[in-house]
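Peer 1: Take this structure first; my questions come after.
The values are calculated or read from the model by the stated rules, or taken from the named source; none is laboratory data. Not measured: the values here are computed from a predicted model. Neighbour counts are summed over all protein chains in view; Cβ atoms, including those assigned to glycine, are modelled from backbone coordinates with ideal geometry.
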Amino acid sequence: MKRYIVFLKQVPLSTKVEIDSVTKTLKRSSALTRTNPDDLHALQTAVNLKKKTGAEIVAVSMGPEMAVEVLREALQYGADKAVLLSSRAFAGSDTLCTSKSLAAAARKIGDYDLLFFGKMAVDGDTAQVGPEVAGQLDIPQITQLTAITAISDTSVSVTRNAGCKLQHLEVKMPCAIMVSRENCELENVTLRAWQKARQQPITRWNEHDLGLSSDEIGLCASPTQVVATEVPQHDKVVEWIEDGHAVMDIIENNVLCQTK
C-alpha cells in the first residue's frame, strides 16, 4: 500500500503572542491557535492524490498536548492515522532540530512514498523545515510546486515554478513535496467526518520513541540562537483636512518639493 505522510504545525491565530524573556521564543500557550494554512493545503493535496491511488495518509504534528487539535482537524479532512510528537525536550527547537525530529518520525513510520509539507509556517516564514527533512532523509525534494500531473508506482510527475519558466519533472519516490495555498482548494468538512475524527486514536511519541538524545533536539541543541526580540512600533500622525482645496495644496506642495 502506498503511504503519504503529511506534516502539520500549530501556529498562533494572531500576532498577539507573548515572547519568553529568557529563551526569546514564542509562548504559544499565550495565544489562540490554528493549523498552519499551507499545511492544510498540503493535506488536501495528499487527500486528492489518495482518491487516485488509495494511499494511506498519516498526519504528524510536533508540539505540546494542545497540538492534538491539529491532528483532529487532519483526520476530519481525510487523514487515516495521526501521530503527535510531544515532549518538553522538543521545546525551543529551531528548524534544524525540528527537521531531525520529523525525519526520525518518518523513519519510524516507514515505507512512505511521499512526504507533504506546507511551503512555510506563518509564525516563522523560513520555508526551511520541509527541505531540511528531505536532506535528513537523503531523498529528492520538490519546491515551488504548481501541480502534480501524474503518479506511478515508482515516480511522481510535477510542474514547478523556476523563475519566469515552468519545469516539468519526473521525480523518483520517495520524495518530499512543499505545497502552498495556491496549489488547491480546501474541501468542506462533513459532520460525519468530524464525528469520526473525534473518536479516532492518536499515537503519541516522545524523543525516546524516536531514538533521539537531548543533544540533538530542543533549545540547547539548536544552532540558531535568538539574541533579542522586540515589537515594532508604529507611530502615526493624523491630520484632519477641512476641504478639497487643502488636499490640492498638499498634493501640489509635495509634487513641487519632489520635482525641485
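Peer 1: Keeping to segment 110-130, report how many residues are surrounded by fewer than 18 Cβ atoms within 10 Å (Cβ to Cβ) and closer than 27 Å to Lys51 by Cα.
Peer 2: 2
Peer 1: Is it true that some residue in segment 191-203 is of a type in the set (Phe, Trp, Tyr), at pLDDT 90 or above and in a helix (DSSP H, G or I)?
Peer 2: So far as segment 191-203 goes, yes, one or more of its residues are of a type in the set (Phe, Trp, Tyr), at pLDDT 90 or above and in a helix (DSSP H, G or I).
Peer 1: Could you tell me how many of the residues in segment 210-232 are surrounded by 10 or more Cβ atoms within 10 Å (Cβ to Cβ), at pLDDT below 85, aliphatic (A, V, I, L, M) and part of a loop (DSSP other than H, G, I, E, B)?
Peer 2: Selection size over segment 210-232: 1.
Peer 1: Is there a residue being over 18 Å from Leu210 (Cα atoms), surrounded by fewer than 22 Cβ atoms within 10 Å (Cβ to Cβ) and at pLDDT below 95 anywhere in segment 80-97?
Peer 2: The answer is no; no qualifying residue exists.
Peer 1: Of the residues Ala197, Ala150, which single one is without any contact (Cβ under 8 Å) to a residue 60 or more places away in the chain, among the small types (Gly, Ala, Ser) and more than 25 Å from Met120 (Cβ to Cβ)?
Peer 2: Ala150 is the lone residue from the list that is without any contact (Cβ under 8 Å) to a residue 60 or more places away in the chain, among the small types (Gly, Ala, Ser) and more than 25 Å from Met120 (Cβ to Cβ).
Peer 1: Looking at segment 162-182, I want the residues that are in contact (Cβ under 8 Å) with a residue 40 or more places away in the chain and have a partner that is among the small types (Gly, Ala, Ser) and in a strand (DSSP E or B) with Cβ atoms under 7 Å, at least 6 apart or on another chain. Which pairs are those?
Peer 2: The qualifying pairs are Met173/Ser155; Val179/Gly118.
Peer 1: Continuing with the same structure: How do the pairs read when you match residues in segment 118-145 that are under 13 Å from Val11 (Cβ atoms) with residues anywhere that are buried (at least 21 other Cβ atoms within 10 Å of the Cβ) and hydroxyl-bearing (Ser, Thr, Tyr), using Cβ under 6 Å and keeping only pairs 6 or more apart or on different chains?
Peer 2: From residues that are under 13 Å from Val11 (Cβ atoms), the pairs are Val129/Thr98; Val129/Ser99.
Peer 1: Answer yes if at least one residue in segment 62-76 is without any contact (Cβ under 8 Å) to a residue 60 or more places away in the chain, assigned to a strand (DSSP E or B) and buried (at least 23 other Cβ atoms within 10 Å of the Cβ), and no otherwise.
Peer 2: Within segment 62-76 (the criterion being without any contact (Cβ under 8 Å) to a residue 60 or more places away in the chain, assigned to a strand (DSSP E or B) and buried (at least 23 other Cβ atoms within 10 Å of the Cβ)), the answer is yes, since at least one residue qualifies.
Peer 1: Of the conditions (1) surrounded by fewer than 21 Cβ atoms within 10 Å (Cβ to Cβ); (2) assigned to a strand (DSSP E or B); (3) at pLDDT 95 or above; (4) not small (Gly, Ala, Ser), Asn161 fails just one. Which one is it?
Peer 2: Going through (1) surrounded by fewer than 21 Cβ atoms within 10 Å (Cβ to Cβ); (2) assigned to a strand (DSSP E or B); (3) at pLDDT 95 or above; (4) not small (Gly, Ala, Ser) one by one, Asn161 breaks only (3).
Peer 1: Condition first: without any contact (Cβ under 8 Å) to a residue 60 or more places away in the chain and either among the polar types (S, T, N, Q) or out of contact with any strand residue (DSSP E or B) (no Cβ under 7 Å at 6 or more places or on another chain) (or both). Now tell me which residues in segment 77-106 satisfy that.
Peer 2: Result: Arg88, Thr98, Ser99, Ala103.
Peer 1: Every residue in segment 50-106 that is of a type in the set (Asp, Glu) and either in contact with a helix residue (DSSP H, G or I) (Cβ under 6 Å, 6 or more places away or on another chain) or under 18 Å from Asp123 (Cβ atoms) (or both), please.
Peer 2: Selection gives Glu69, Glu73, Asp94.
Peer 1: Over 18 Å from Asn188 (Cβ atoms), among the acidic types (Asp, Glu) and modelled with pLDDT of 95 or more - does that describe any residue in segment 51-67?
Peer 2: Within segment 51-67, one or more residues are over 18 Å from Asn188 (Cβ atoms), among the acidic types (Asp, Glu) and modelled with pLDDT of 95 or more.
Peer 1: List every residue pair whose Cβ atoms sit under 7 Å apart, with the two residues 6 or more apart in sequence or on different chains, where the first one lies in segment 226-239 and is in contact (Cβ under 8 Å) with a residue 60 or more places away in the chain and the second, anywhere, is not in a loop (DSSP other than H, G, I, E, B).
Peer 2: From segment 226-239, the pairs are Thr229/Ile19.
Peer 1: Going by the structure shown, is Val171 in contact with a Pro (Cβ under 6 Å, 6 or more places away or on another chain) and not charged (D, E, K, R)?
Peer 2: Yes, satisfied.
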